[in-house]
1. Normalising by the residue count of segment B:320-463, find the relative contact order in percent from Cα pairs under 8 Å and 6+ residues apart.
2. Compute the length gained on full extension between B:Lys21 and B:Arg146: take 0.36 nm times their separation in residues and subtract their Cα-Cα distance, giving the result in nm to one decimal.
3. Can you tell me the FRET efficiency between B:Lys272 and B:Arg387 if r is taken as the Cβ-Cβ distance and R0 is 35 Å, rounded to the nearest 0.05?
4. Longer than 24 Å from Cα to Cα, which of B:Lys279/B:Lys319; B:Lys339/B:Lys433; B:Lys12/B:Lys232 are they? Say none if no pair is.
5. In percent, how large is the relative contact order of chain A, given Cα pairs closer than 8 Å and 6 or more residues apart?
6. Where does helix B:144-157 land angle-wise versus the long Cα axis of chain B, in degrees 0 to 90, nearest 10?
7. Once segment A:159-229 is represented by equal point scatterers at the alpha-carbon sites, with solvent omitted, what log10 I(q)/I(0) does the Debye formula produce at q = 0.15, 0.27 Å⁻¹?
8. Could you give each residue of segment B:112-123 its phi-based ³J(HN,Hα) in whole Hz, using Karplus coefficients 6.51, -1.76, 1.60 with θ = phi - 60°, and x for Gly or Pro?
Amino acid sequence: MDLKQARRGAAQQKLLAFASLIVLIVGFSLASPNFFQVSNIMAILQATSVNGVLAIGVTLIIITGGIDLSIGTLMTFCAVMTGVVLTWAGMPLPVGVLTAIATGAICGLISGTFVAKMKIPPFIATLGMMLMLKGLSLIVTGTRPIYFNDTPGFTTIAQGSLIGRLVPAFPVPNGVLILFIVAGLVAWILGRTVLGRYTFALGSNEEAVRLSGVNTDAWKMAIYALAGGICGIAGLLIASRLNSAQPALGLGYELEAIAAVVIGGTSLAGGRGTVLGTLIGALIMSVLTNGLRVMSVAPEWQTVVTGAIIVIAVYADQLRRGKVG
Amino acid sequence: MIELVQMEVIDKRFPGVHALKGVDFSLRAGEVHALMGENGAGKSTLMKCLSGVYQPDGGRILVDGSEVALPSPRAAQDLGIGIIHQELALMRDLTVAQNIWIGREPRLSFGRIDERRQNADAAAIFAGMNVAMDPRAPVGSLTIARQQMVEIAKALSYRSRVLIMDEPTAALNDSEIAELFTIIRKLRAEGVGIVYISHKMDEIREISDRVTVMRDGEHVGTVEAADTPISKIITMMVGRELTDEAVTVPDLTIAETALEVRNLGRGRDLQKIGFSLKKGEILGFAGLMGAGRTELARAIFGAEPPDQGEIIVHGKPAKICTPADAVRLGIGYLSEDRKHYGLALGMDVRANIALASLPRYADRLGRIDEKQLAVIARDYIGRLAIRTPHDRQEVRLLSGGNQQKVVIAKWLLRDCDILIFDEPTRGIDVGAKAEIYRLLNDLAAQGKAIIVISSELPEVLRLSHRIAVMCEGRLTGILPGGASQEQIMALATQREDIAVSQTAGEIKWT
């Protein structure tokens, strides 16, 4: 196999997901005139932003061969801490933003320590973290939501439109802009930096990396911390959209994010994956939800279809790679 | 007399390797037939053909005088051919009986398993072997020796008339070996034909009736064990025309010592090992499988740190607890298992070459300077003659020899001047071997200190300026370069009770 073929293989994988996305969009557009409207497309993108950011964060961890189940409740915990800093302590907005990201990174670092230093399997370590954070969110808030009415401009983090102000025809919400910035940044990290290279290398063959004299534990912790910081951004986005930190929210988001990663062609075995794939995966999920809603399909059935799509996406990938006869 | 098993002109090729070249082999009922040869001689491949794991490309197999087809291990089992692999293939969390009857569980109605019958049947087999074993014990709780008994019982449960044992004593101590031999003798008396693959000369003498020696995928000869001296068997094993280039030992009297190891030990694996290595020297480590050579390398490299002893690097005592420490001191380790420990197979040549040196080619933001890496990768591809279409080729698509060169490039780029090569030519074909040898000689000539661990004696002899020989975790001696294969074999099979003379090698420096 030469370089061209190798590139073609990788491109095919993305093409498959991308083609499914196009087919879905065309299908829904034909089925309902309400689907392909600027307002509806914006709604789809806005709905993708939180799940997309979370999915991009967990993509990093999945490429190392790990998993992070705590991202949903971590997102909520970050939103809660932002509420504490902004609403309760009355700090200015930038401090709130920093708090969200720092909380995420610190919690990610703790998960990373469980995994790398204490050698707890990622599934268990982050399962524990998931429950701890869920509990902490409820404890800190006394189970009541924290509202951001006293912080001017907080809702514009996700709901405003910087691009809309410049190009009124495309009122892309800031949440979507942030999603694409995060995607670009993580794609750059994965493709261009030492951290990204070790992310793939750890998933590809951790022992070989360790025997190359690389401090694998430290790098792994850094990757979990980065993913945690990205969850912090997701926490800001969801808090801004709801104009509140809802402590009971969060559980279930991790599975949606992991589903998007898997649909995007990232291997749960590690060593393989792309941010673009994850982005497409997240879009497929929200197009599906939105499209079925526009066609007045009951929400129960939307869940069934999403589940089926996950199985079909992975099966298609296995077929393409010739693993299934 | 009809042989129990007759294998005629068996031929087997793998991509790049002609593993079996028209090999004949026969087994009689009620005999223990030892199969010997160096690693890679084709013993295991031949036995995998007999047990249905591999399909031979040519030749035929007769059981009881009639030709048989063995398309699967199951087909071989149905003909009464059982194999006990070197790595035990048991499920640790299941019980002894569950392991024995896996896939053939006695059933009750509604798919329930008849555990009681399963346990009773297993107990009957152990009774027949004269072994006390609780069929309900979880296999994970047993010692390796006891697990081996389970494997034997499992093979017998197929009413095996042919039992193939691949290095059964590798992990056993003396009393466990004695117990195993008792069982083997009992089976032999009952008319089972046993193929016994082993490296250990004393065992062969004790247990076997006939000995077949293989070398380079060919049948060298079959002799009666009772009236063949060990020295003759050794000669048969190593008797290939020796390497084209004899080793030239450079004069290293004034060379600095790069690495010194004193009194190194770890549990039973490594016991009081001491040696020194000079710049520009190639020190070969010979020994049989399980002698502790890889364990020694991993101890020096910090992959599994030793319990005791000192490591002195370039005259300074070094504390090596992790591979990262070793690499910082300029020690590189090329594992015998490249695929698991040396390479990130799914990544490209460039990334693998850079794997140990990445931070050096990144700026403060952690951005990798791909342009510079590309230049460096192409430079190494040229210097080491790595055959790859380009530096972005995935490493898994390269041949074994070229994969090995990628690992070498990785350590050279990291400025390692002490290189430990563990089986540097395993899985590499003959042509590429010569190239790796030349490369090692060049590296030594440039002043790198090199340790070569190899199970192939001709390889050790061709490369080594001095030869350290290990047996069962001990260094049994250091021989000067160009020592005879018989001398090495004698040290490599030297059991604990015989006195150790570690001074033999020091003569060279005076």
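The numbers here are math on the coordinates, done by the rules we state, and not lab data. Here the structure is a predicted model, which means the values were calculated and not measured. We place every Cβ from the backbone using ideal geometry, glycine too, and count neighbours over all the protein chains shown.
1. 29
2. Length difference between fully extended and current span is 41.3 nm.
3. 0.20
4. Details: B:Lys279/B:Lys319 20 Å; B:Lys339/B:Lys433 18 Å; B:Lys12/B:Lys232 28 Å.
Distance filter (> 24 Å) returns B:Lys12/B:Lys232.
5. Numbers: 561 pairs, mean separation 106.5, N = 325.
After rounding, I find 33 percent.
6. Roughly 40 degrees between the two axes.
7. After summing over all Cα pairs, the log10 values are -0.61, -1.14.
8. Result, rounded to whole Hz: 6, 8, 7, 4, 5, 5, 4, 5, 5, 5, 5, 4.
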